[in-house]
Amino acid sequence: MLTSKEADCVTFGQCNEGIFREILRLRVDAGDKVLEEHLRTAAKQTSHISETNQNEVIGFCRIEMQEKILSEVTVTKCVFYIV
């Protein structure tokens, strides 16, 4: 018996492979030829889409987002104090 996720995969031809892999798929669908070539030709061990690599990318995104938010807050405070 198929789970609902497996049934959807068979019925609709769409399998949820996780958010990270879905984001990679979106990039490829958007025309990222370099990523498409890498994912198509890289050996499984060198594709850099393991759980460890996913967590590293998420960590880098978190740092970037924090820095962006802090810079915006800092700019906002400066404008507030100037006024």
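Points to keep in mind about this one:
- Tally of residues being loosely packed, with under 12 Cβ neighbours inside 10 Å and more than 12 Å from R21 (Cβ to Cβ) across the range 47-57: 2
- Residue that is surrounded by the most Cβ atoms within 10 Å (Cβ to Cβ) [pool: residues in the range 1-46 that are at pLDDT 70 or above and outside any helix (DSSP H, G or I)]: D32
The values are calculated or read from the model by the stated rules, or taken from the named source; none is laboratory data. Source: prediction; values computed, not measured. Every residue, glycine among them, receives a Cβ derived from its backbone with ideal geometry; neighbour counts consider all protein chains shown.
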